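The structure appears below as structure tokens.
The values are calculated or read from the model by the stated rules, or taken from the named source; none is laboratory data. Keep in mind that this is a model prediction, so the values were computed, not measured. Using ideal geometry, Cβ is built from the backbone for each residue, glycine included, and neighbour counts are taken over all protein chains shown. Note: areas computed on protein heavy atoms with side chains; ligands, DNA, RNA excluded. Shrake-Rupley method; radii C 1.70, N 1.55, O 1.52, S 1.80 Å.
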Amino acid sequence: MPATLSLKQARRIALAAQGLDKVRPTAPVSSRAVGRTFARLQLVQIDSVNVLARSHYLPFFSRLGNYDRSILERLSGVHPRRMMEYWAHEASFIRPEHFEDLRLWQKRKWVGAHAMDPEERGDVAARILSELAGGLPLTAAELTVRLGHVETRSTDNWGWNWNTVKRVLEDLFEEGTVTAASRTGSFERRYTLTARVLPSTAVASVGPENTEQGGGRPDAGAAMLRLIDAAALAHGIGTLRCFADYFRTPQRAAAEALAELVEAGRLEPVTVAGWDRPVYRHVEARLPRTATGRALLSPFDSLVFERRRLEELFGFHYRLEIYTPEPKRRFGYYVLPFLLRDGIVARVDLKADRAAGSLLVRGSFAEPDAPGDTAVELAAELQLMAEWLELDRIIVAPVGDLAPALAQAVAGLHPL
């Protein structure tokens, strides 16, 4: 008989797996602590929205508090690299050891030049690779200039209206031949050859014909096993859909890997009260007796990736409303869930007004079962975030049912 867990026990397993079950350490945050956090999460999603902070910085703040963001630049830009860019859940920083496995399973043909004329694509690719082989990492704009490429584009063109050089670059990125050496201040990728970022032993030749039996690339089934095991370890507990979604892998292949992991004893079936789908717990997942953490979570945080899981575990319905017309938004443009102990108890619409030195709380809303100390705890979390972002004050707008109590709690804080 599968073990039976309460919903609160399942929550605590999930929070412990994500490093969100405990009060943050008070000591200064070291590079090692940031590296351990990234290793636990397996990946961190990248997004260009910068209304508060770049999305890949926020998960580390949620788990570690006030840390030096330059640590991430070193982890992703200094050899040996602890993190690199590739497609995973979406565009993400991944652990380099997952690169070859993901390359077998990520098939995002819309991102690049698959629809181009093969001869044109091949010519542009060869010129790009020659340019990158001979010099420093370059952005798409810099490569366009170097190649002398001129192109007229209309506003109704493909995708994001990328030019041919950018499209081929993204195709080479998805293929795994090129990667990001770093990002510019305006968040553009600086492209380089993947072989320059990873050890030569970690970069196999590109092509679907290369397998463990043939050209040196990992076997697809073994790769899926590693990815689903890593996803299950990062989640602690979840369903097939949860684990497949973590790296955005096909569910059918993920199901085969899950069955093998159950047979091997890496995953165990469990029953969770109120969860009406088959649920599995990773054998290494901890079940803490209590959860004492507190965190504002990025809309792209790995705890909230899979919205159905979030609602089943925490009873929290969440939708990112960036692309919703303003009159139709319920909670705001950039809304962060607020985790307190073992529940998600509120949500706040935040903006960093850097010119004015202010953290703006444009809306604050309590969940129906929010505990009495929600406003006080949220105010303390906002103060920590303002310090991290080097902002001088917190301004709470009178929007949302939590706003009056939150404004009062903020007013009672020590000045920043």
- prompt: For Leu320, which of the numbered conditions (1) open to solvent by 60 Å² or more (accessible area, probe 1.4 Å); (2) modelled with pLDDT under 95 fails to hold?
  reply: (1)
message: For the range 35-66, which positions are assigned to a loop (DSSP other than H, G, I, E, B), touching a strand residue (DSSP E or B) at 6+ places or on another chain (Cβ under 8 Å) and either closer than 18 Å to Ala380 by Cα or among the polar types (S, T, N, Q) (or both)?
response: Gln42, Leu52, Ser55
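Residues are listed down the side, and each one gets a yes or a no for (1) of a type in the set (A, V, I, L, M, F, W, C); (2) open to solvent by less than 40 Å² (accessible area, probe 1.4 Å); (3) under 28 Å from Lys8 (Cα atoms):
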| site | (1), (2), (3) |
| --- | --- |
| Leu233 | yes, no, yes |
| Gly238 | no, yes, yes |
| Ala244 | yes, yes, yes |
| Arg252 | no, no, no |
| Leu267 | yes, yes, yes |
- request: Take the range 294-317 and flag every residue that is of a type in the set (S, T, N, Q) and either surrounded by fewer than 20 Cβ atoms within 10 Å (Cβ to Cβ) or more than 25 Å from Asp373 (Cα to Cα) (or both).
  value: Ser302
- line: (1) in a helix (DSSP H, G or I); (2) of a type in the set (D, E, K, R); (3) in contact (Cβ under 8 Å) with a residue 12 or more places away in the chain all hold for Arg32 apart from (3)
field: Pairs with Cβ under 7 Å, 6+ apart, first in the range 379-393 and closer than 14 Å to Ala53 by Cα, second buried (at least 16 other Cβ atoms within 10 Å of the Cβ) and among the β-branched types (Val, Ile, Thr)
entry: Leu382/Val361; Leu382/Ile394; Leu382/Val410; Ala386/Ile394
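For the range 67-79, state whether one or more residues are of a type in the set (Phe, Trp, Tyr) and not in a loop (DSSP other than H, G, I, E, B). Don't jump to the end; show me each part of the working.
Taking the range 67-79 and keeping what is of a type in the set (Phe, Trp, Tyr), we get 67.
The next check asks that each one be not in a loop (DSSP other than H, G, I, E, B); those that pass are none.
Checked the range 67-79: no residue is of a type in the set (Phe, Trp, Tyr) and not in a loop (DSSP other than H, G, I, E, B).
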task: Quick one: in the range 394-416, of everything that is part of a loop (DSSP other than H, G, I, E, B) and not aliphatic (A, V, I, L, M), which residue is surrounded by the most Cβ atoms within 10 Å (Cβ to Cβ)?
output: Gly400
statement: With the first residue restricted to the range 316-328 and required to be hydroxyl-bearing (Ser, Thr, Tyr), and the second required to be assigned to a helix (DSSP H, G or I) and surrounded by 14 or more Cβ atoms within 10 Å (Cβ to Cβ), Cβ contacts under 8 Å at 6 or more apart or on different chains are Tyr318/Arg307; Tyr318/Leu310
message: Looking at Arg12, Arg36 in this structure, which one is in contact with a Pro (Cβ under 8 Å, 6 or more places away or on another chain) and either open to solvent by 20 Å² or more (accessible area, probe 1.4 Å) or at pLDDT below 95 (or both)?
response: Arg12
- prompt: Any residue at all in the range 131-142 that is more than 26 Å from the chain's Cα centre (by Cα), over 23 Å from Pro250 (Cβ atoms) and open to solvent by less than 20 Å² (accessible area, probe 1.4 Å)?
  reply: yes
task: Might you check whether a residue that is open to solvent by less than 20 Å² (accessible area, probe 1.4 Å), within 27 Å of Glu175 (Cβ to Cβ) and not basic (Lys, Arg) occurs anywhere in the range 50-68?
output: yes
- request: Please enumerate the residues belonging to the range 69-119 that are open to solvent by less than 10 Å² (accessible area, probe 1.4 Å), closer than 25 Å to Gln18 by Cα and in contact with a Leu (Cβ under 9 Å, 6 or more places away or on another chain).
  value: Met83, Met84, Tyr86, Ala88, His89, Ser92, Ile94, Phe99, Asp101, Leu102
- line: The correct count of residues that are touching a His at 6+ places or on another chain (Cβ under 8 Å) and aromatic (Phe, Trp, Tyr) in the range 301-335 is 1
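Do we have any residue at all in the range 27-37 that's touching a Lys or Arg at 6+ places or on another chain (Cβ under 8 Å) and hydrophobic (A, V, I, L, M, F, W, C)? Before you say what the answer is, go through the steps one by one.
Kept after step one, since they are touching a Lys or Arg at 6+ places or on another chain (Cβ under 8 Å), are these residues of the range 27-37: 31, 35, 37.
Now restrict to residues that are hydrophobic (A, V, I, L, M, F, W, C): none.
Within the range 27-37, none of the residues are touching a Lys or Arg at 6+ places or on another chain (Cβ under 8 Å) and hydrophobic (A, V, I, L, M, F, W, C).
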- prompt: So which residues in the range 3-20 are basic (Lys, Arg) and out of contact with any helix residue (DSSP H, G or I) (no Cβ under 8 Å at 6 or more places or on another chain), if there are any at all?
  reply: Lys8, Arg12
- prompt: Is it the case that some residue within the range 271-293 is over 14 Å from Leu20 (Cβ atoms), in contact with a Phe, Trp or Tyr (Cβ under 7 Å, 6 or more places away or on another chain) and either open to solvent by 10 Å² or more (accessible area, probe 1.4 Å) or modelled with pLDDT of 95 or more (or both)?
  reply: no
message: I'd like the residue in the range 323-381 that is of a type in the set (D, E, K, R) and part of a loop (DSSP other than H, G, I, E, B) and, out of all such residues, is surrounded by the most Cβ atoms within 10 Å (Cβ to Cβ).
response: Asp342
